[in-house]
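**Q** Just dropping this structure here.
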Amino acid sequence: MITDRTAQDVARWKELRDKGWVKMSPAEQSEWMGEMKGRYAHTDMNRVESAVEALSARFVESGYLDTHLTVKTNWNLWSVPTMADMVRYLGNVRTLRELVPTYPTTPDIPDGTPKMDHNLANDIEQILVDLDNILSQIPQGYYYAGEIMAGEV
């Protein structure tokens, strides 16, 4: 997950976009074709949707969620998310975040469909990182609570 995008990353992406492919050096073209943090692309959408899918399955398995969330993991270079896609995309992250208590530092997802920027992109992926950590820690709580095996006390 990518949680450290900056305004400088976005500025670099815009600089190369405005320069245009033909005027880019080979090094810049290589950079453009790579995973630029300043660009929110289909690869980011697929990474987040896949993480949501995996977390959804873990929440179902743990009994926190009744059914798996609907995701789309086949975004491609030419995919353009619709408003309905973004409502679902952000709604899935919001739904997962609300299932368990989170860390005080876990970001919120604003209501509605806020404009995607580097801060929101970081927040989305940080929420998923935090939820993965929390789900991994839940079984350890049984040891601390003295509930390893029923009837042992």
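The values are calculated or read from the model by the stated rules, or taken from the named source; none is laboratory data. Since the model is a prediction, treat every value here as computed from it, not as a measurement. When we count neighbours, we look across all protein chains shown, and the Cβ atoms used for this are built from the backbone with ideal geometry, even at glycine.
**Q** Report whether or not Asn119 is more than 15 Å from the chain's Cα centre (by Cα), modelled with pLDDT under 95 and closer than 27 Å to Lys37 by Cβ.
**A** Spelling it out, it is not the case that Asn119 is more than 15 Å from the chain's Cα centre (by Cα), modelled with pLDDT under 95 and closer than 27 Å to Lys37 by Cβ.
**Q** Please work out if Ala11 is small (Gly, Ala, Ser), touching a helix residue (DSSP H, G or I) at 6+ places or on another chain (Cβ under 8 Å) and surrounded by fewer than 16 Cβ atoms within 10 Å (Cβ to Cβ).
**A** no
**Q** I've got another one for you. Filter region 84-143 down to the residues that are assigned to a helix (DSSP H, G or I) and among the aromatic types (Phe, Trp, Tyr), then identify the one that is farthest from Ser62 (Cα to Cα).
**A** Tyr89
**Q** Is it true that Ile2 is out of contact with any His (no Cβ under 8 Å at 6 or more places or on another chain), touching a residue at least 40 places away in the same chain (Cβ under 8 Å) and either surrounded by fewer than 16 Cβ atoms within 10 Å (Cβ to Cβ) or not aromatic (Phe, Trp, Tyr) (or both)?
**A** Numbers: out of contact with any His (no Cβ under 8 Å at 6 or more places or on another chain): yes; touching a residue at least 40 places away in the same chain (Cβ under 8 Å): yes; either surrounded by fewer than 16 Cβ atoms within 10 Å (Cβ to Cβ) or not aromatic (Phe, Trp, Tyr) (or both): yes.
Yes: the conditions hold for Ile2.
**Q** Right, something else. Scan region 92-107 residue by residue and report those that are within 23 Å of Met45 (Cβ to Cβ) and not β-branched (Val, Ile, Thr).
**A** Asn92, Arg94, Leu96, Arg97, Glu98, Leu99, Pro107
**Q** What residue, among those in region 67-82 that are among the aliphatic types (A, V, I, L, M) and within 17 Å of Asp44 (Cα to Cα), is modelled with the highest pLDDT?
**A** Val71
**Q** Out of the residues in region 95-125 meeting the condition of being acidic (Asp, Glu) and without any contact (Cβ under 8 Å) to a residue 40 or more places away in the chain, tell me which one is surrounded by the most Cβ atoms within 10 Å (Cβ to Cβ).
**A** Asp123
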